[in-house]
Structures are given as C-alpha cells and as structure tokens.
Amino acid sequence: MAYGCADGEVWLAQLPPTGQPASIKARRMHGRAVQSLDWAYDNSQLLSVGHDGSLCVWDVRDPAAPACIRSISEPTAAFLCGRFHVVNFSLALVGTSHGSV
C-alpha cells in the first residue's frame, strides 16, 4: 500500500500477515501535495504526480529503499492525475490543470 501527503511526501506501508505493520518514507520528490498514485501491474513500480507539476516513477521492488528512477517537472501546470499504461508501464498518462493529457 502507498499514500501521498499534502506536504509532498510519499510513504509505503507494509502490512505483513504476521508481525507489525511498517511505514517507509520515500525520498521527497514533490514540492506540493501528491495528487495521484498508481501501481504498475506487477507492483514493481509506483507512479506519483504532484500539484507542483512533478512526476516520479519509483522502483519499489525493495520496499525498504524506494528509489525514484524517472522524474519530470512541468512548472507551468499542476498534475492532477496519473496512470500507468495497462500493458506497457514504460508509458504513463498525466492529466494537467490546463486540461491536457
């Protein structure tokens, strides 16, 4: 499970069948609120988009050390939503505050 915060942080939550749950903070990549998160179909990558116009693809194969492997920024628009392509998670769709995808 993952969640994004209004301060731009992304967290991963581990919920093991036995033992204590744990939350791991990823490196902060967004300057404003995280607007959307999406998992790749195989759960190896996480897409996060922020209201500051930033996008990050996280490698989460090791949940104890999530790493941003791709990032882009568009400072003139807020990113409002983001989704990985269903089959090819090398592609992502992002909706902006300007009404474009």
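Listing for the model above:
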{"quantity": "Count of the range 72-101 residues which are open to solvent by 70 Å² or more (accessible area, probe 1.4 Å), in contact (Cβ under 8 Å) with a residue 24 or more places away in the chain and hydroxyl-bearing (S, T, Y)", "calculated": "0"}
{"quantity": "Condition check for G4: crowded, with 20+ Cβ neighbours inside 10 Å, closer than 18 Å to T96 by Cβ and touching a residue at least 12 places away in the same chain (Cβ under 8 Å)", "calculated": "yes"}
{"quantity": "Criterion: among the β-branched types (V, I, T), under 16 Å from Q45 (Cα atoms) and assigned to a loop (DSSP other than H, G, I, E, B) - qualifying residue of V86, V101", "calculated": "V86"}
{"quantity": "Selection count where residues are of a type in the set (A, V, I, L, M) and in a loop (DSSP other than H, G, I, E, B), scope the range 11-48", "calculated": "5"}
{"quantity": "Condition broken by A65, with the remaining ones in (1) open to solvent by less than 20 Å² (accessible area, probe 1.4 Å); (2) within 25 Å of P16 (Cα to Cα); (3) aliphatic (A, V, I, L, M) satisfied", "calculated": "(1)"}
{"quantity": "Number of positions in the range 23-62 that are without any contact (Cβ under 8 Å) to a residue 12 or more places away in the chain and open to solvent by less than 40 Å² (accessible area, probe 1.4 Å)", "calculated": "0"}
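The values are calculated or read from the model by the stated rules, or taken from the named source; none is laboratory data. Model, not experiment: these values are computed from the prediction. Don't worry about glycine lacking a Cβ; one is built from the backbone with ideal geometry, like all the others, and counts go over all protein chains shown. Heads up: the accessible areas ignore ligands, DNA and RNA and are worked out on the full protein's heavy atoms, side chains in. Shrake-Rupley method; radii C 1.70, N 1.55, O 1.52, S 1.80 Å.
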